[in-house]
1. Using amide H atoms built in the peptide plane, which far-off residues or other-chain residues are under 5 Å from Leu156 H to H?
2. Under 22 Å from the Cα of Lys107, which lysines turn up, not counting those fewer than eight places away in the same chain?
3. Under 16 Å from the Cα of Lys125, which lysines turn up, not counting those fewer than eight places away in the same chain?
4. Which of rounded, prolate or oblate describes region 1-123 when judged by the alpha-carbon gyration tensor and an a/c cut-off of 1.5?
5. For region 171-186, take each phi angle, set θ = phi - 60°, evaluate the Karplus expression 6.51 cos²θ - 1.76 cosθ + 1.60, and give the result in whole Hz per residue in order, putting x for glycine and proline.
6. Over what distance in Å are the Cα centres of region 110-150 and region 18-55 separated?
7. Would you mind getting me the FRET efficiency between Lys121 and Met64? Use the beta-carbon distance for r and R0 = 25 Å, nearest 0.05.
8. Need one word for region 1-62: rounded, prolate or oblate. Basis is the Cα gyration tensor (sqrt eigenvalues a ≥ b ≥ c); a/c below 1.5 gives rounded, then a/b vs b/c decides.
Amino acid sequence: SGFSEAFRIARNNLYHAIPGARAKIIMLSSASVGDGKSTVAANLARALADDGKRVVLVDADLRMGQLHHTLRLNQSPGLSDWLIDGEAVAMQTPDGQRFAVLPSGVKPPNPAELMNDPALKEVLKTLRASYDFIIFDTAPVPAVSDPLILARQADLILSVVHLGHTKHRDVAAHDAIMATLAKRHGIIINGTQAENSGYYDYVYGEEPARSGAFQRLRTIFSTTMTKGRAA
């Protein structure tokens, strides 16, 4: 389908954006809740796994993680349990999929402090030894600061923007923060219709150009996501 093909295009762009043999950390964020970030993360993990890559999808939203609901998995043990106890937890695999998942885990009282703990580096070290791609589904920015901690470790940051949902002012605020990070940064445009040939003019035309946010976000690549189901 066009939905699946869009993720194959995104997969190929990823290969060009961050080449090399070592494990790669990709962080997904968005400007607001409801932009489809978790759905994009799950389908991107599937596309990479279908190409023979060893992939783990990590729910790093320790406040409102939803991947366990989306993929019908247990929420715990997960990332927070690993960070708190210092012991690796077993990965889960969604039915019919080839990628592994590390859910968010129990909801901690101090998510930002927990993510800033040196234990995060040990988690990443362990995951790098077992996977080709580590995809982190994080909370929206600037709603919370947790993703910025993880961003320091990322090889590529992808921002998900939903044409029918994301407000221009939210994109501008999101972009202003992302621009301060010395990281490769790309945008995935979600919520477009395949038959709508005017979407490109809308995104990169007069209205978004006034804020400049979309233009600055598009530093690595953009790809169109047609509406569809989660992985």
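All of the numbers you see were taken from the coordinates with simple rules; none came from a lab. The structure presented is a predicted model; accordingly, all values stated were derived computationally and were not measured. Because the Cβ atoms are built from the backbone with ideal geometry, glycine has one as well, and the counts that use them run over all protein chains shown.
1. Ile25, Met27
2. Lys37, Lys121
3. Lys24
4. On the way: a/c = 1.68, a/b = 1.53, b/c = 1.10.
Taking the square roots of the gyration eigenvalues as a ≥ b ≥ c, region 1-123 is prolate.
5. So the J values, rounded to whole Hz, are 5, 4, 5, 4, 5, 4, 6, 4, 5, 7, 8, 7, 9, 5, 9, x.
6. 14
7. On the way: r = 24 Å, r/R0 = 0.97.
Working from the Cβ atoms, E equals 0.55.
8. Values: a/c = 1.74, a/b = 1.24, b/c = 1.40.
Cα axes put region 1-62 in the oblate bin.
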